[in-house]
1. With the requirement that a residue be open to solvent by 70 Å² or more (accessible area, probe 1.4 Å) and modelled with pLDDT of 95 or more, what does the range 163-174 give you?
2. What do you reckon, is V234 part of a loop (DSSP other than H, G, I, E, B), open to solvent by 30 Å² or more (accessible area, probe 1.4 Å) and within 29 Å of P112 (Cβ to Cβ)?
3. State whether one or more residues within the range 267-283 are at pLDDT below 90, open to solvent by 70 Å² or more (accessible area, probe 1.4 Å) and not aromatic (F, W, Y).
4. Assuming A158 fulfils every condition listed in (1) aliphatic (A, V, I, L, M); (2) part of a helix (DSSP H, G or I); (3) more than 27 Å from V46 (Cβ to Cβ) apart from one, which condition is it?
5. Could you tell me whether the range 230-239 includes any residue that is at positive phi and either touching a strand residue (DSSP E or B) at 6+ places or on another chain (Cβ under 7 Å) or modelled with pLDDT of 90 or more (or both)?
6. Out of the strands (runs of 3 or more DSSP E) lying entirely within the range 179-225, which hold 1 or more residues that are modelled with pLDDT of 95 or more, open to solvent by less than 20 Å² (accessible area, probe 1.4 Å) and of a type in the set (A, V, I, L, M)?
7. So how many residues does the range 231-252 have that are under 29 Å from G59 (Cβ atoms), free of Cβ contacts under 8 Å to residues at least 40 places away in the same chain and of a type outside the set (A, V, I, L, M, F, W, C)?
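The values are calculated or read from the model by the stated rules, or taken from the named source; none is laboratory data. This is a predicted model, so every value here is computed, not measured. Neighbour counts are summed over all protein chains in view; Cβ atoms, including those assigned to glycine, are modelled from backbone coordinates with ideal geometry. Quick note on the areas: whole protein, heavy atoms, side chains included, nothing else; ligands and nucleic acids left out. Shrake-Rupley method; radii C 1.70, N 1.55, O 1.52, S 1.80 Å.
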Amino acid sequence: MRAVVVDSVGGPEVVEVVETGVPEPGEGQIRIKVAAAALNPVDAGVRAGVFGGLQARTGLGWDVAGTVDAVGGAGPWSVGDAVVALHYGMVKPLGTHAEYVVVDSDAVAAAPATADAVHAASLPLNALTALQALDRLELTSGQSLLVTGAAGAVGGYAVQLAARRGITVTALAREADEEFVRSLGAAGFTSAGAGAGSFDAVLDAAVLGASGLERVRDGGAYIGVIPHAEPGPVRGVRTGAVEVSADGAQLAELVRLVDEGALSLRVAETYALDDAAKAHARLAEGGVRGRLVLVPVPVPVPVPVP
């Protein structure tokens, strides 16, 4: 099969598509025939060495949507099931940017009934990150939350999920994104931040760090999205960062919200698997709204009817 890997850190030019063996599922695992797999900033970070150098060939990709192709032992999944999953891990020999991937059975959920595989592939990593970050903040209905980077993938999900919980959300984003983030459920909007101590909590999807922490009231809470990179606690503010975990039950709940129309799936562009390096180059340019998604089999282009 074909798989996207990097042998050394660097720019998009180090991304390779190689031929490798099809992985076999062990006990408690399934193999998925990949229909689509999102490209995330964490993939670019691994490629660029943000998380350290590489000791061996490393596969890229965390999100996957596809079809169960093989199962390892008894379990809830059967060959032919349409699924989504999170394949956790900074350094792994094979990721989801491949034609087949093996994941743990408990990291899997049935695919959304209302979305195609390309859009479904944009859900697992970013929505689970947003959900788990909100859970860490422990906010209750009526409390206030500032979401930085609210127009991004994690931030957008956080706005929608928090608003559903009755939390009063203010979105920090570019002025051009105000209408969009308000459509997600943000009650307030700012493009320049708010005054010090204005919110019960901050979910810092834009990685503002100390300047985001300043917006939290004394005794409030701050959660970042890069593990071990959060600012230290001050003024009694509880600080931390979410390290996403693969949780099939939580993913199934997120899929249910997608099918109810409560969560928006955003895809900016699709790329053939063989064009993975081009997708990395596009991500590096910035300004992407929605996810770039790799597809092992190119998506057919509709032919205009004469």
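1. Taking the range 163-174 and keeping what is open to solvent by 70 Å² or more (accessible area, probe 1.4 Å), we get 164-165, 174.
Selection gives R164, R165.
2. Details: part of a loop (DSSP other than H, G, I, E, B): yes; open to solvent by 30 Å² or more (accessible area, probe 1.4 Å): yes; within 29 Å of P112 (Cβ to Cβ): no.
Judged against the criteria, V234 is not a match.
3. We begin by selecting, within the range 267-283, every residue at pLDDT below 90; these are none.
Checking the range 267-283: not a single residue is at pLDDT below 90, open to solvent by 70 Å² or more (accessible area, probe 1.4 Å) and not aromatic (F, W, Y).
4. Single failed check for A158: (3).
5. So in the range 230-239, the residues at positive phi come out as 235-236.
From the residues that got through so far, the ones that are either touching a strand residue (DSSP E or B) at 6+ places or on another chain (Cβ under 7 Å) or modelled with pLDDT of 90 or more (or both) too are 235-236.
Yes; the residues of the range 230-239 include at least one that is at positive phi and either touching a strand residue (DSSP E or B) at 6+ places or on another chain (Cβ under 7 Å) or modelled with pLDDT of 90 or more (or both).
6. Details: elements: 188-190, 199-204, 216-224.
Those strands (runs of 3 or more DSSP E) span 199-204, 216-224.
7. So the answer is 1.
Yes/no per residue for (1) in contact with a His (Cβ under 7 Å, 6 or more places away or on another chain); (2) closer than 15 Å to V169 by Cα; (3) not in a loop (DSSP other than H, G, I, E, B):
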site: G89; (1), (2), (3): no, no, no
site: V102; (1), (2), (3): no, no, yes
site: S122; (1), (2), (3): no, no, no
site: S141; (1), (2), (3): no, yes, no
site: L146; (1), (2), (3): no, yes, yes
